[in-house]
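Here the structure comes first, spelled out in structure tokens, and everything after it is commentary.
The values are calculated or read from the model by the stated rules, or taken from the named source; none is laboratory data. Since the structure is predicted, the reported quantities are computational estimates derived from the model, not experimental observations. When we count neighbours, we look across all protein chains shown, and the Cβ atoms used for this are built from the backbone with ideal geometry, even at glycine.
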Amino acid sequence: MHVDTIDDTELLLAAPAAGEFSGRTSVHLDELADVAWIAAPSSSSEPLLGVWPGLPGHPRIVHSTRDWLTKLQLVAGGFGVTTVPARLSAVLPRGVALLRVEGAPQELRRILVARLPGRTTPAITAVTRAVMSAAG
């Protein structure tokens, strides 16, 4: 497998702008133990996407969806919090605030383009360039 790293982006907490963490730029990990979470559905063998990695205890999942826009609209509506890559900050709906999480190691998410090894086709080259340009 040939893999190109496009970017590393920080994981942040998306919270309702008018909610419990209103007006803040950060939250401590301990404050997240009892909040309502909006996560992607997962099996026991998959990581729980949308919940802060390393969160102590069992998260209280109140809504599950794989769709980013749905998650963010639920956050804007005050129904819970979720995690988002910092790169999504430009497309957040009104009513969503981003916070850094303190008391835990910084979480980074890597954007990759993977393809089979060997010669590339013009289509693969075009897609790779488009993704790199968009991330630029």
Output yes when any residue across the range 14-25 is of a type in the set (A, V, I, L, M), touching a Lys or Arg at 6+ places or on another chain (Cβ under 8 Å) and within 20 Å of Arg109 (Cα to Cα), and no when none is. yes
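Would you kindly identify the strands (runs of 3 or more DSSP E) lying entirely within the range 18-136 that contain at least 3 residues that are among the charged types (D, E, K, R)?
Because the criterion is at least 3 residues that are among the charged types (D, E, K, R), the strands (runs of 3 or more DSSP E) in the range 18-136 that meet it are 108-115.
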Between Thr120, Thr128, Thr83, which is modelled with pLDDT of 90 or more and either of a type outside the set (A, V, I, L, M) or more than 12 Å from the chain's Cα centre (by Cα) (or both)? Thr83
Has the range 64-80 got at least one residue that is crowded, with 16+ Cβ neighbours inside 10 Å, under 23 Å from Asp7 (Cα atoms), touching a Ser or Thr at 6+ places or on another chain (Cβ under 7 Å) and of a type outside the set (D, E, K, R)? no
Would it be correct to say that Pro47 is more than 30 Å from Ile124 (Cβ to Cβ) and modelled with pLDDT under 95? no
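Mind telling me which of the residues Leu32, Leu55, Leu13 ends up being crowded, with 17+ Cβ neighbours inside 10 Å and farther than 26 Å from Arg94 by Cα?
Leu55
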Of the numbered conditions (1) part of a helix (DSSP H, G or I); (2) over 18 Å from Phe79 (Cα atoms), Asp7 satisfies every one except a single condition; which is it? (1)
